[in-house]
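See structure below.
The values are calculated or read from the model by the stated rules, or taken from the named source; none is laboratory data. Quantities reported herein were computed from a predicted structural model and do not represent experimental measurements. Methodologically, a virtual Cβ is constructed for each residue, glycine included, from the backbone with ideal geometry; neighbour enumeration extends over all protein chains shown. Accessible surface areas use protein heavy atoms only, side chains included; no ligands, DNA or RNA. Shrake-Rupley method; radii C 1.70, N 1.55, O 1.52, S 1.80 Å.
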Amino acid sequence: IRLGIPYGTKEAVAFANRLMRFVRRESLAASEQLAKRRGVFPNFARSVHAEAGRRLRNATVNTIAPTGTISIIAGCSSGIEPLFAVSFVRNVLSGTRLFESHPLFEKIARERGFYSRELLADVARQPSLANVKGVPADMKRLFATAFDVAPRQHLDIQAAFQKHTDNAVSKTINLPADATVEDVREIYLEAHRLKCKGITVYRYGSKAGQVLSVSEEADAPHSDSADFVSADIDYSGGCISGACEF
């Protein structure tokens, strides 16, 4: 988002390729330097690295692991996932609800003059900006959420990172509630064709309790009874500070 690249687009895939190619190249170079000082890893002689004639300290040098709770602590984005929602209500301890919104969305909205508390409340009622009045089209495209991203776009992003990652890539493909068995089957087959080492699929509403959902919030801001996107305490999206003002 800071780079102005909408999630799942060709530009995003190209950027992912460049980014991970750089990370892998530098990781391998660092491992080679460590091998000179400390020696290679124990099973080096039987590895693909020995066949390639490259002495490394590490059997693998990178992975993209699940970063949900960690990203909350660090105040950063959650791995390579798209936004789950731009604004939402976080359910925390003792039933407390905190209204949160993406800091960059608020910043740009203020700078461009379409910010209002009412707008944020409208945004929080929907998991996507697509049908929110008052949000410019380019902002809707830039702040795409998991509900806007097609399965193939999810796969293209994961495959781009996987291409330059030794181990598996943590990534979830979010599907609508009406997704079929055939939809899931095709995703798994396509992930295999793209050489992804693992794949996770989640169909919205398939569990009674889930990290992100649209639920009835009786005490939601500006409404006595309105559907607001809500997130459990371990959801890693939203406000960097963890206590954005509403």
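Miscellaneous remarks
This table checks each residue for (1) open to solvent by 70 Å² or more (accessible area, probe 1.4 Å); (2) in contact with a Ser or Thr (Cβ under 7 Å, 6 or more places away or on another chain); (3) farther than 20 Å from residue 194 by Cβ; (4) at pLDDT below 95.
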position: 1; (1), (2), (3), (4): no, no, yes, yes
position: 8; (1), (2), (3), (4): no, no, no, yes
position: 13; (1), (2), (3), (4): no, no, no, no
position: 29; (1), (2), (3), (4): no, no, yes, no
position: 37; (1), (2), (3), (4): yes, no, yes, no
position: 56; (1), (2), (3), (4): no, yes, yes, no
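- Selection within segment 58-78 - in a loop (DSSP other than H, G, I, E, B), open to solvent by less than 40 Å² (accessible area, probe 1.4 Å) and small (Gly, Ala, Ser): 75, 78
- Only one of 143, 105, 88 that is closer than 23 Å to residue 8 by Cα, in contact with a helix residue (DSSP H, G or I) (Cβ under 6 Å, 6 or more places away or on another chain) and modelled with pLDDT of 90 or more: 143
- From the options 201, 184, 123, residue that is among the β-branched types (Val, Ile, Thr), buried (at least 16 other Cβ atoms within 10 Å of the Cβ), outside any loop (DSSP other than H, G, I, E, B) and at pLDDT below 90: 123
- Screening segment 142-188 for residues that are more than 13 Å from the chain's Cα centre (by Cα) and of a type in the set (S, T, N, Q) and picking the one that is farthest from residue 199 (Cα to Cα) gives 180.
- Index of the failed condition, residue 34 passing every other in (1) touching a residue at least 24 places away in the same chain (Cβ under 8 Å); (2) among the hydrophobic types (A, V, I, L, M, F, W, C); (3) closer than 28 Å to residue 159 by Cβ; (4) not in a loop (DSSP other than H, G, I, E, B): (3)
- Hits in segment 128-147 (condition: among the charged types (D, E, K, R) and open to solvent by less than 60 Å² (accessible area, probe 1.4 Å)): 140
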